[in-house]
1. Order 53-64, 160-171, 247-258 from most to least packed using the mean count of other Cβ atoms within 10 Å.
2. Which three lengths, in whole Å and largest first, does segment 15-102 cover when its Cα atoms are put on their principal axes?
3. Give me the accessible area of TYR38, 1.4 Å probe, in Å² rounded to the nearest 10.
4. Can you say what percent of the DSSP beta bridges in segment 3-268, counting only those with both residues inside, are antiparallel? Round to 5.
5. Just to verify a number: FRET efficiency for HIS185 and GLN131, C-beta to C-beta distance, R0 = 30 Å, to 0.05?
6. Nearest 0.05, what FRET efficiency do PHE124 and PHE257 give at R0 = 51 Å with Cβ-Cβ as r?
7. Just how much of THR86 is accessible, in Å², when a 1.4 Å probe is used and the result is rounded to the nearest 10?
8. Listed here are the pairs LYS183/LYS216; LYS2/LYS204; LYS88/LYS247; LYS183/LYS239; LYS183/LYS273; LYS95/LYS204; which of them are more than 30 Å apart at the Cα?
Amino acid sequence: MKYLTFNHQNTSTIGIGTWHIGEGNHEKTNAEIQAMRYGLDHGINIIDTAEMYGEGLSERLVGQIIKNYHRQDLQLISKFYPFHATPKLIEESLKASLKRLQTDYLDLYLLHWRGNTPLAQTVFGLEKMVQAGLIKNWGVSNFDLSDLKELSEITNGNNCRVNEDLYNIGSRGIEYSILPWQKSHHMSFIGYSPFGSDGSEYLKIDPILIKMSQQKHITVHQLLLAWVIRNLDILSIPKTSSIEHMKANLEALEINFTSDELDLLDQIYPAPKHEIQLDTI
Ligand SMILES: NC(=O)c1ccc[n+]([C@@H]2O[C@H](COP(=O)([O-])OP(=O)(O)OC[C@H]3O[C@@H](n4cnc5c(N)ncnc54)[C@H](OP(=O)(O)O)[C@@H]3O)[C@@H](O)[C@H]2O)c1
């Protein structure tokens with residue numbers, strides 16, 4: 001396993017994404033449990049979930065799995081809906097998530113995306129949950145640079161530990177200003193959907209990716225994941241419900257690129273040269 005400093009802690013370079021997990025039949029759930037356990041048993045120490053995922057089904061399954069591990073060895077992230085972003089509703093949502101997760105604290109609690117509640121109210125509510133010992137730290141998701149700057153000007157807004165945005169080879173918007181801004185503000189970054197989620201709607205696979213994967217004797221998915229974590233400075237959270245895919249994703253940690261390969265990929269999937277609107281899923 002390769003580790004990075006994330007949320008001021010030694011954290012595996014890939015975490016476990018859990019969108020759509022726990023929603024299927026017995027056989028599918030069993031495969032998801034095997035895959036997650038394999039990942040945790042091979043050094044992954046961080047899991048990303050949300051109250052939205054299966055309206056609590058994902059958190060329930062995660063809770064079932066993590067009770068067999070030492071809680072203090074894992075970082076647990078969950079997220080609340082923007083329409084639960086007032087202090088009262090944050091507390092209610094959080095307590096419901098903790099119950100489903102069978103734990104008494106979260107390492108990180110994130111606003112899933114921005115809604116209509118003023119950020120100052122949300123930050124106030126989150127800080128209260130830190131003081132109550134129900135969360136260690138908090139963060140945001142799907143924030144762009146202007147959102148992050150606005151947040152940083154609010155009382156205690158600088159306590160935001162992480163921002164989680166879409167990041168894969170076809171969606172590189174965060175590279176222009178968000179990543180540098182977060183680095184300079186000591187705020188960790190989580191990149192979601194390294195494979196462009198389920199299907200080709202969000203990420204077009206250029207034939208060059210297929211050719212390069214064949215030359216490197218790896219799969220396209222391994223190439224995509226290895227590219228996201230190439231600098232070992234951000235956390236990527238692939239989701240898989242297959243033990244074979246989990247193994248393949250762990251193997252991707254060992255894949256390196258030559259500068260010629262990276263240049264070729266940059267030509268097809270260029271880095272932004274100016275501020276662009278962020279893609280989301
Ligand atoms: N904050 C947000 O707004 C937000 C938004 C989206 C996602 N997320 C988080 O990010 C996580 C990951 O994103 P995602 O679930 O959208 O998609 P993703 O991780 O980009 O892709 C998941 C898809 O890739 C497949 N896959 C995984 N490993 C593979 C491998 N080695 N070979 C072939 N196929 C493979 C999975 O199928 P199998 O299951 O069959 O392996 C699944 O169909 C989510 O689960 C969630 O935790 C956060």
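The values are calculated or read from the model by the stated rules, or taken from the named source; none is laboratory data. Here the structure is a predicted model, which means the values were calculated and not measured. Cβ sites come from the backbone with ideal geometry, for glycine too, and all protein chains shown count toward neighbours. Remember, those area values only see protein heavy atoms, side chains included, never the ligands or the DNA or RNA. Shrake-Rupley method; radii C 1.70, N 1.55, O 1.52, S 1.80 Å.
1. Working: 53-64: 20.8, 160-171: 23.2, 247-258: 16.2.
Top of the packing list down: 160-171, 53-64, 247-258.
2. The Cα atoms of segment 15-102 stretch 38, 30, 18 Å along the principal axes, largest first.
3. 60
4. Numbers: 5 of 31 bridges.
Once the DSSP bridges in segment 3-268 are tallied, antiparallel ones form about 15 percent.
5. Numbers: r = 22 Å, r/R0 = 0.75.
Between HIS185 and GLN131 the formula returns 0.85.
6. Values: r = 44 Å, r/R0 = 0.87.
The formula returns an efficiency of 0.70 here.
7. 40
8. Working: LYS183/LYS216 32 Å; LYS2/LYS204 28 Å; LYS88/LYS247 41 Å; LYS183/LYS239 25 Å; LYS183/LYS273 19 Å; LYS95/LYS204 40 Å.
Where the Cα-Cα span goes over 30 Å, the pairs concerned are LYS183/LYS216; LYS88/LYS247; LYS95/LYS204.
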